[in-house]
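The values are calculated or read from the model by the stated rules, or taken from the named source; none is laboratory data. What you see is a predicted model, and the numbers here were worked out from it, not measured in a lab. Quick reminder, even Gly has a Cβ in these numbers, built from the backbone with ideal geometry, and neighbours come from all protein chains shown. What goes into the accessible areas is simple: the full protein's heavy atoms, side chains included, and nothing from ligands, DNA or RNA. Shrake-Rupley method; radii C 1.70, N 1.55, O 1.52, S 1.80 Å.
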Protein chains: 4
Amino acid sequence: MGPVTFRQRRPLSWGDCDPAGIIFYPTYFRWMDAATWQLLADCGWPADRMRAEHLSIPLLDAQCAFVASPRFGDELEVRSVLARIGRSSFALRHEFVLAGSQELVFARGQESRVWARYQAGPGTPLKGTPVPDALRTALGDPQG
Amino acid sequence: MGPVTFRQRRPLSWGDCDPAGIIFYPTYFRWMDAATWQLLADCGWPADRMRAEHLSIPLLDAQCAFVASPRFGDELEVRSVLARIGRSSFALRHEFVLAGSQELVFARGQESRVWARYQAGPGTPLKGTPVPDALRTALGDPQG
Amino acid sequence: MGPVTFRQRRPLSWGDCDPAGIIFYPTYFRWMDAATWQLLADCGWPADRMRAEHLSIPLLDAQCAFVASPRFGDELEVRSVLARIGRSSFALRHEFVLAGSQELVFARGQESRVWARYQAGPGTPLKGTPVPDALRTALGDPQG
Amino acid sequence: MGPVTFRQRRPLSWGDCDPAGIIFYPTYFRWMDAATWQLLADCGWPADRMRAEHLSIPLLDAQCAFVASPRFGDELEVRSVLARIGRSSFALRHEFVLAGSQELVFARGQESRVWARYQAGPGTPLKGTPVPDALRTALGDPQG
């Protein structure tokens, strides 16, 4: 069994576009961040559980390649899938396509993050901690 | 027949919150703007028609009163309804409630806008033009 | 002695503009928020002091009237001044003008806020507490 | 002569931070975009010239590695420098450091862009066009 694909719909709003009438590129990173948190919620770690267990997911790096430019009014589908997982870190690939289309790809991004715990309560320094097995399984990690 | 209520769901994302863990207040205005464009699409004026007909909806003023603070992970419903309509201007009321709740109101906002046309193509000065009758009807204007 | 005017320069960035090539209006509210925190820093309450003393400044309401539209590349000056102050609440007026100009006003906004303390540490509920006299004086409150 | 370093100061605002109290990472990409446009202005291509000559700078890709996390109230310096330049494309490296510090690096990013012209006026498709020699020289391109 391979990695699971998580999907979200995103209409491209007026305010997410720039004077060229197309997506303002940092919007993709905002959406990757939101897609990641939603994916965790879908896997059993919603916001209130993350908060209650003093967990967060700080970034190591993020990147995106831009292939074509959606315009105001387009609806996008964000497809997120596990790209790599280690003991306490993981990477997700996010693909942005025209909703309802199989072929029109707008952008391809990736985020690397740490599964981490606040050491002395919210707002204190974060320290990596092992990714739970149940999360590995939910993400479709073949080694999970 | 009274004004029609338009509804949209909005999950409150991590990046829409501030260090207090609650909504960063300009997010409400971003959502009012997006709700207004979505309402126009629902009424028959989607993005591509607005573009093709050289129409836009510049603001006169906007306001919001904050009653309670949603936190990261809450899902909100935005309820938008016509508050006032003139020859070429209109005001919408936007109410933000906890999705699935009838009672928990987070905020109440209002935007006044002009129905306007670019006088010499996109990006040129905008000039007010009469709100179309079909739009008045779709909004539930009792005089429409 | 009247209220003190606090000034900040803000270039209007590409990403703060919309497909009409002008300011995306929620940007004004982001700038009002930033101007308010900067004003507090100028008055002796910078970020680290606010954090150390468990203080925050939640909003009651915010509004803005839009007079003219700056375009990408314009530099604005934000002029912030005390409009009203009570025991534990205060309102600031923010005026947005073309930098270097006395006359070209783009927008006029106002925010009402509470001077509040987290009751049991950061992220816990906030409760209004009296505005310090030194802050009243720094703001130029005639009753301060 | 090597590449020229362009510098900008950026206070980290309340609204640019997330519930962990640190920078919301897409903020870095917003700042890279703003730094790039400012760099062009410094080199002789300000917003009004870009507009008048129907030029824009669409992205090919963007990335950022996150080393340490600035908090609300920190002031950052963005240092931007040419990383690579071709006939009609160029890449900029952006480094984010604590202002006034030589050593505390928060993040290191890079953007690849095309120097492009709207083929039939603003909002129409963009096509790559040679980077002007005067811009190459201003950027400190050793081949310029």
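Taking the numbered list (1) more than 16 Å from the chain's Cα centre (by Cα); (2) closer than 20 Å to residue A:118 by Cα in turn, residue A:37 passes all entries but (1). Scanning the stretch B:32-60 for residues that are more than 9 Å from chain A (Cβ to nearest Cβ) and aromatic (Phe, Trp, Tyr) gives a single hit, B:45. Of all the residues in the stretch B:61-83, those that are more than 14 Å from chain A (Cβ to nearest Cβ) and either free of Cβ contacts under 8 Å to residues at least 12 places away in the same chain or within 13 Å of the chain's Cα centre (by Cα) (or both) number 9. Against the list (1) outside any helix (DSSP H, G or I); (2) open to solvent by 30 Å² or more (accessible area, probe 1.4 Å); (3) within 23 Å of residue C:24 (Cα to Cα), the condition residue B:69 fails is (3). Scanning the stretch D:19-66 for residues that are within 18 Å of residue B:123 (Cβ to Cβ), part of a helix (DSSP H, G or I) and open to solvent by 10 Å² or more (accessible area, probe 1.4 Å) returns D:37, D:47, D:48, D:49, D:51, D:52. Checking the structure you have, find out if any residue of the stretch B:72-84 is among the β-branched types (Val, Ile, Thr), surrounded by fewer than 23 Cβ atoms within 10 Å (Cβ to Cβ) and in a strand (DSSP E or B). Yes. Number of residues in the stretch C:7-48 that are farther than 20 Å from residue C:74 by Cα and hydrophobic (A, V, I, L, M, F, W, C): the value is 7. Per this entry, residue D:13 is counted among residues that are of a type in the set (Gly, Ala, Ser) and facing another protein chain (nearest Cβ under 7 Å). Among the residues of the stretch B:114-138, which ones are in contact with a strand residue (DSSP E or B) (Cβ under 7 Å, 6 or more places away or on another chain) and open to solvent by less than 10 Å² (accessible area, probe 1.4 Å)? Matches in the stretch B:114-138: B:115, B:116, B:131.
For the stretch D:85-113, give me each residue that is open to solvent by 50 Å² or more (accessible area, probe 1.4 Å), under 17 Å from the mean Cα position of the chain (by Cα) and without any contact (Cβ under 8 Å) to a residue 24 or more places away in the chain. Within the stretch D:85-113, D:93, D:95 meet the criteria. Does at least one position in the stretch B:4-18 carry a residue that is in contact with a Cys (Cβ under 9 Å, 6 or more places away or on another chain), without any contact (Cβ under 8 Å) to a residue 40 or more places away in the chain, open to solvent by less than 20 Å² (accessible area, probe 1.4 Å) and of a type outside the set (S, T, N, Q)? The answer is yes; a qualifying residue exists.
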